[in-house]
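Worksheet: the structure to be examined is printed underneath.
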Amino acid sequence: MEKISENFTSTSWRPLLVVTCFFTTLGSCIPVGYFLGIMNGPAVFIKVWCYDAIKSKYGLSLSVSQLDVLWALIVAIFLVGGMCGSLLAGWCCNKFGRKSTLLLSKLLLMASGCLLILCRYSGLVSLLLLGRFIGGVAAALITTAHPMYLLELSPADRRGSVGVYTALGVAIGICVSQVIGLKQLFGNAELWHYALSFYMIFVLVCFPSYHWFAESPEWLLKHKPQDCLVARKALKDLHGSQSISVIYQEKPQLAASEAMDSKELSLLAVLRNRKFLLPLALVLTLQACQQLCGINVVFYYSVGIFTEAGFSSDNANWMNLACGLLNCAVGALTPFLINRFPRKLLLFSSLTELIQLATDFVHNIDCSIYHKFSTGIISDTIFHWFRAL
């Protein structure tokens, strides 16, 4: 065991592993983050187009509340697509492989980008909805396959650093979308449809590189034992010749034991198995905390919030970009923090800070409401005093 851990510890970053991490993150995770952040900047112009398109197509004039409901549907249908895609993501990863699933997601991203461009020229809001939905399905495939793919490609001592590339890519994608969504670039009435589909450049640039990437060795050993030599070559290219003997001895044993002692479980089978209740509850709780912390409101509606708070439209867009830059900067620190501090410590530190910020936010709102209420009472009292005099 000491020899194995020593070999793992001495493993260095191989060129193929570095290139794989870079291009898969650039062409997969950055588009996911782009989808999350791009609707914020040009929201006003897209709403106007939706109003005009529905009026010219169906002769209907939407009220302000109806237009807000339509906009909420346009924003939320991306998440609906993510929910639908998550039900298929695990099956696709096991059936076709991690690399093939990422390639499938790229095809869906390209189809989504084409629909987002065509919706403007055809005047169909339905194409905008369909493009957002397909993008959500692709995002679910990416967020499932990408971390799995990189973790299975990397040596044991690099998995902590490699595992955060998905979240880092999403953070960078959000920041890029906020830059592209500025009025000075594509976030205006004439070019907003190009802003929505700008992520296609990242997909096209990275698509040819997949020809040189290896499929996950663990998936090959488990699902295609006949490709054992291919898996061995992939391990050698990814981990180096010094650690290949140790790694190759362990992975076939792991794959063989999994193949004999286990079988693929459906979602219903996982829900019925008491052994998975605690891990499933922990995962759902963490994901719920992440989604309910208000981050979606920031990246979907922050421009509108800042505008209603009294800032100009230009300043609201720049403040939105500042939020994205802060998120990206913290994400860039994650690969360095994850290997230097315990995971549980980082997790609970984040949750504690989140609870503290939420408490301060609610307290400030209560104080402002009380201040306005008390100020109103005092002013009314003084007014009545002067009137009585």
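The values are calculated or read from the model by the stated rules, or taken from the named source; none is laboratory data. Worth saying up front: this structure is predicted, and the values here are computed from it rather than measured. Every residue, glycine as well, gets a Cβ built from its backbone with ideal geometry; the counts of neighbours run over all protein chains shown. SASA here: full protein model, heavy atoms, side chains in, ligands and nucleic acids out. Shrake-Rupley method; radii C 1.70, N 1.55, O 1.52, S 1.80 Å.
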Scan region 340-352 residue by residue and report those that are part of a helix (DSSP H, G or I) and either touching an Asp or Glu at 6+ places or on another chain (Cβ under 7 Å) or open to solvent by less than 100 Å² (accessible area, probe 1.4 Å) (or both). L345, L346, L347, S349, S350, L351, T352
In this structure, does M148 turn out to be open to solvent by 20 Å² or more (accessible area, probe 1.4 Å) and modelled with pLDDT of 95 or more? no
Taking into account only those residues within region 203-233 that are of a type in the set (A, V, I, L, M) and more than 23 Å from the chain's Cα centre (by Cα), which is modelled with the lowest pLDDT? A231
Only listed residue being within 14 Å of I174 (Cβ to Cβ) and among the hydrophobic types (A, V, I, L, M, F, W, C), chosen from A281, A316, A309, A322: A322
Answer yes or no: is there a residue in region 84-102 that is within 30 Å of K47 (Cβ to Cβ), assigned to a helix (DSSP H, G or I) and either open to solvent by 10 Å² or more (accessible area, probe 1.4 Å) or among the hydrophobic types (A, V, I, L, M, F, W, C) (or both). yes
Just checking, does region 130-145 include any residue being of a type outside the set (S, T, N, Q) and more than 25 Å from C206 (Cβ to Cβ)? no
For region 45-72, which residues satisfy the criterion of being among the small types (G, A, S) and surrounded by 12 or more Cβ atoms within 10 Å (Cβ to Cβ)? A53, A72
Among the residues of region 170-223, how many are open to solvent by 20 Å² or more (accessible area, probe 1.4 Å), part of a loop (DSSP other than H, G, I, E, B) and within 20 Å of G131 (Cβ to Cβ)? 6
Please tell me if V75 is open to solvent by 10 Å² or more (accessible area, probe 1.4 Å), within 25 Å of G324 (Cα to Cα), in a helix (DSSP H, G or I) and of a type in the set (V, I, T). no
